[in-house]
Amino acid sequence: MDLLIRRAHPTEYDELGTITAQAYLQDGLLDFGEGDAYLGVLRDVAGRAGAADVLAALKDGRVLGGVTFVPSGGPMADIAGPGEAEIRMLAVAHAARGQGVGEALVRSCVERARATPGCRSVVLSTQPTMHAAHRIYGRLGFTRTPDRDWNPLPELTDITLLTYELTL
């Protein structure tokens, strides 16, 4: 598949926000479904683009997915510390899954991290049920870091995000 991975253009923000929100909803990744507050964050590509690099995957001019790359020390980091970049909100449209889009997006983030001065690793958080994403991370050399697993909603005890790291 001939994919183009580049920064998302403002004209693509709405479509990418919809793809991201739908991916999370259709995969059952939002604990409160359509009422989940995180849904607004997923849809707000313009807000993310103001604080991080939002990348889009395109084929024949059609947006197939996207990811948010947070360079070292970026304000959108959930778990990254000094010298670490973070990957967030990886999403691929359901119709484009199984075609290498997610892996191409993650590879692009790794390349960006390698080009970031002082960046020595890439970290990310993922839900336990995101098995296809876990396989991508394993293929690309990421390792699990259970000591960094965390709960984004501490008032709810049944949520744990798994973490991975790739040393550059």
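The values are calculated or read from the model by the stated rules, or taken from the named source; none is laboratory data. Note that the structure is a prediction, hence the values are computed from the model and not measured. Note: ideal-geometry Cβ built from the backbone for every residue, glycine included; neighbour counts use all protein chains shown. With ligands, DNA and RNA removed, areas are computed over all heavy atoms of the protein, side chains included. Shrake-Rupley method; radii C 1.70, N 1.55, O 1.52, S 1.80 Å.
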In µm²/s, what is D for segment 116-168 at 25 °C and 0.890 mPa s, where D = kT/(6 pi eta Rh) by Stokes-Einstein and Rh is the Kirkwood radius from Cα pairs? 205 µm²/s
How large is the dipole of segment 32-168 about the Cα centre if only Lys and Arg carry +1 and Asp and Glu carry -1, each at its Cβ, rounded to the nearest 20 debye? 600 debye
Accessible solvent surface per residue of segment 23-168, calculated while the other protein chains remain in place, 1.4 angstrom probe, Å²: 47 Å²
Among bridges DSSP assigns within the chain, what percent are antiparallel (round to 5)? 85 percent
When you have a sec, figure out the Kirkwood radius of segment 6-108 from all distinct Cα pair distances and drop it here in Å to one decimal? 13.8 Å
Heavy atoms only, probe 1.4 Å: what % of the accessible area of the chain goes to carbon and sulfur, would you let me know? 51 percent
Hey, rough spin-label estimate for residue 144 and residue 78, points 7 angstrom out along Cα→Cβ, what's it come to in nanometres? 1.7 nm
Alpha carbon centroid spacing (whole Å) that separates segment 88-122 from segment 1-48: 15 Å
Of all DSSP beta bridges with both partners in segment 61-132, the antiparallel percent, nearest 5, is 55 percent
Under a Cβ-Cβ cut-off of 15 Å, what is the net charge of the residues other than residue 15 that fall near it, where Lys and Arg count +1 and Asp and Glu count -1? +2
How much accessible surface area, in Å² rounded to 10, belongs to the heavy atoms of residue 14 with a 1.4 Å probe? 130 Å²
